[in-house]
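Participant: Once you've had a glance at the structure underneath, I'll fire off some questions.
The values are calculated or read from the model by the stated rules, or taken from the named source; none is laboratory data. All of these numbers come straight from a predicted model, not from anything done at the bench. Glycine gets a Cβ as well: all are built from the backbone with ideal geometry, and neighbour counts include every protein chain shown.
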Amino acid sequence: MQAALWKVVRMSLMLSHGQASVESGFSINKELLIENMEEETIVAQRIVFDAVRLSDMDVTKIDISQKMMACVRHSHAAYKRALQLKKDKQSAEEKHASEGRKRKSMIASLWQQKKQS
């Protein structure tokens, strides 16, 4: 039972800030309508919701231990790393697209010069 509780706690801590709803027993159906929510968040929320519902846990009476706080720190650090990787990837893609546009523009310019000569 305790291992299952830790699995639920870890999954709930992995949820991004502001996307976990604990009010009225993890009401996630209305949050599934949010368009900018990523698939990983939806999957994590569904796992937490199902685990809480099936185990009849009272999420308002969970003791916050040092181990849980360490998990929160670890999860937040992982979230920040993933966010930075996503930013870096997007930046690299934008740079690649910009270089491609410059290349195409230069090729078009060279073709224009060749036609004029």
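Participant: Limited to segment 54-113, what total is found for residues that are more than 30 Å from LEU5 (Cβ to Cβ) and among the hydroxyl-bearing types (Ser, Thr, Tyr)?
Facilitator: Matching residues across segment 54-113 total 4.
Participant: How about segment 11-67: which of its residues are basic (Lys, Arg) and modelled with pLDDT of 70 or more? Don't jump to the end; show me each part of the working.
Facilitator: Going residue by residue through segment 11-67, those that are basic (Lys, Arg) are 30, 46, 53, 61, 67.
Matches in segment 11-67: ARG46, ARG53, LYS61, LYS67.
Participant: Conditions first: (1) under 40 Å from the mean Cα position of the chain (by Cα); (2) at pLDDT 90 or above. TYR79 passes all but one, so which condition is the exception?
Facilitator: (2)
Participant: Follow-up question, since we're still on this one. Does ILE64 fit the bill of being of a type outside the set (Asp, Glu), at negative phi and not in a helix (DSSP H, G or I)?
Facilitator: Values: of a type outside the set (Asp, Glu): yes; at negative phi: yes; not in a helix (DSSP H, G or I): yes.
Here the answer is yes, as ILE64 does meet what is asked.
Participant: Could you list, in sequence order, the residues of segment 36-72 that are surrounded by 11 or more Cβ atoms within 10 Å (Cβ to Cβ) and among the basic types (Lys, Arg)?
Facilitator: Of everything in segment 36-72, those that are surrounded by 11 or more Cβ atoms within 10 Å (Cβ to Cβ) and among the basic types (Lys, Arg) turn out to be ARG46, ARG53.
Participant: So which residues in segment 67-117 are of a type outside the set (A, V, I, L, M, F, W, C) and under 30 Å from VAL8 (Cα atoms)? Write out each step before concluding.
Facilitator: Filtering segment 67-117 for residues of a type outside the set (A, V, I, L, M, F, W, C) gives 67, 73-76, 79-81, 84, 86-91, 93-96, 98-105, 109, 112-117.
LYS67, ARG73, HIS74, SER75, HIS76, TYR79, LYS80, ARG81, GLN84, LYS86, LYS87, listed by residue number.
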